[in-house]
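Visitor: Shown below is the structure under consideration.
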Amino acid sequence: MRALALHLGLLAGLLALHFVLPAYHHGNLARVMVLASYGVGYNLLFGYAGLLSLGHALFFAAGMYGAGLMVQHGGLGAAGAFVVGVVVAAGVAAALALLALRTVGVGFMIVTLMFAQAGYLAILHFSEITGGDEGFVLPQAGRMLGSVDLSTPDARYLAALALFSVCLLVSLALVRAPFGRVLVAIRENEERVRMLGYDTQATKWVAMVLSGAISGAAGAGYAILFGYVGASFAEAQYSILPLLWVLLGGAGTVLGPFIGALFMFYLIDLASGVTSAHMLIAGVALVVLTLFAPQGIMGEVRRRLWRGLP
């Protein structure tokens, strides 16, 4: 109950901020919540199952393009396009998992990176459909949820909060269920889990599909809420960013992706207002945080204050 109260309290705080934040931070926090949903999906695979993926941008982009193309060329509304984006991302994750999970360690990293790059190049190649490197802007009609215009700041913030709430609470339920305990056991000692009779390959496959679906939901949500679909979201940096968010916030903690995404977003935002070499400042801050909080922010909270923090 304490864990549930903590996570519901965060969501209640985010809802309260909707009414008091100035316009600039209001828009930023909506973006952070969508990106944090992406981090939640990544954390399920890396933080709990111990599988380091370097190709998660493939799932984020699959959700984004699945939703965006359905709006642009299929004439679907926001709800239908969002569902298509999630299904496409889950399907891509399911297919990739069949191949990637045949490898371990560095092999898994290379396979996921290779397929993510293939996805990026496919987007550039089929530019007549995808818009290539420039991408495309979604029409206003495709950003309507019934009579609600999701392009308005208030509706966008509340929709981003709803997306993040679902991803966060689903993640919390999964990691506290027997399935989540098995994932942690696989991360710690897969051979022993296999000896206990668990099908570790099937468990990791399910984890990868769920991770891909959540990441795809974030991609679809980003496309609909912010009205843009572009190839830059399929580049390698969007596979590295969720890894940074999870490491900074605390791998294997439910709140870690949100804390890491919020910290990283505002660190870069504030540093860019000081100097053009803002990434240097961000890099130094990240090194310092890594040295003094190697388990991430929420990981240190769990180590020092609350051992039972999920």
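Visitor: When segment 78-98 is examined, which residues are found to be small (Gly, Ala, Ser), closer than 23 Å to residue 139 by Cα and buried (at least 17 other Cβ atoms within 10 Å of the Cβ)?
Guide: 78, 81, 85, 89 - these are the residues of segment 78-98 that are small (Gly, Ala, Ser), closer than 23 Å to residue 139 by Cα and buried (at least 17 other Cβ atoms within 10 Å of the Cβ).
Visitor: Taking the condition surrounded by fewer than 24 Cβ atoms within 10 Å (Cβ to Cβ) and of a type in the set (Gly, Ala, Ser), does residue 74 pass?
Guide: Criteria met by residue 74.
Visitor: Among the residues in segment 99-109, are any surrounded by fewer than 19 Cβ atoms within 10 Å (Cβ to Cβ), among the hydroxyl-bearing types (Ser, Thr, Tyr), without any contact (Cβ under 8 Å) to a residue 40 or more places away in the chain and in contact with a helix residue (DSSP H, G or I) (Cβ under 6 Å, 6 or more places away or on another chain)?
Guide: yes
Visitor: Here's another thing I want to ask about it. Looking at segment 14-39, I want the residues that are within 15 Å of residue 258 (Cα to Cα) and at pLDDT 95 or above and have a partner that is among the aliphatic types (A, V, I, L, M) and not in a helix (DSSP H, G or I) with Cβ atoms under 7 Å, at least 6 apart or on another chain. Which pairs are those?
Guide: 29/21
Visitor: Just one of 174, 183 is closer than 19 Å to residue 217 by Cα, of a type outside the set (S, T, N, Q) and modelled with pLDDT of 90 or more; which is it?
Guide: 174
Visitor: Continuing with the same structure: Can you tell me how many residues within segment 218-243 are assigned to a helix (DSSP H, G or I), small (Gly, Ala, Ser) and over 14 Å from the mean Cα position of the chain (by Cα)?
Guide: 2
Visitor: Also, I was wondering about something else. Would you pick out the residues in segment 275-310 that are closer than 21 Å to residue 175 by Cβ and either β-branched (Val, Ile, Thr) or part of a helix (DSSP H, G or I) (or both)?
Guide: Passing the criteria: 297, 298, 299, 300, 301, 302, 303, 304.
Visitor: Give me a count of the residues in segment 123-144 that are crowded, with 19+ Cβ neighbours inside 10 Å, on the phi < 0 side of the Ramachandran plot and of a type in the set (Gly, Ala, Ser).
Guide: The total comes to 1.
Visitor: Let me ask something additional. Quick check on segment 145-185: of everything there that is without any contact (Cβ under 8 Å) to a residue 12 or more places away in the chain and of a type in the set (D, E, K, R), which residue is surrounded by the fewest Cβ atoms within 10 Å (Cβ to Cβ)?
Guide: 181
The values are calculated or read from the model by the stated rules, or taken from the named source; none is laboratory data. Keep in mind that what you see is a predicted model, and the values were worked out from it rather than measured. FYI the Cβ positions are ideal-geometry reconstructions off the backbone, even for glycines, and counts take in every protein chain you see.
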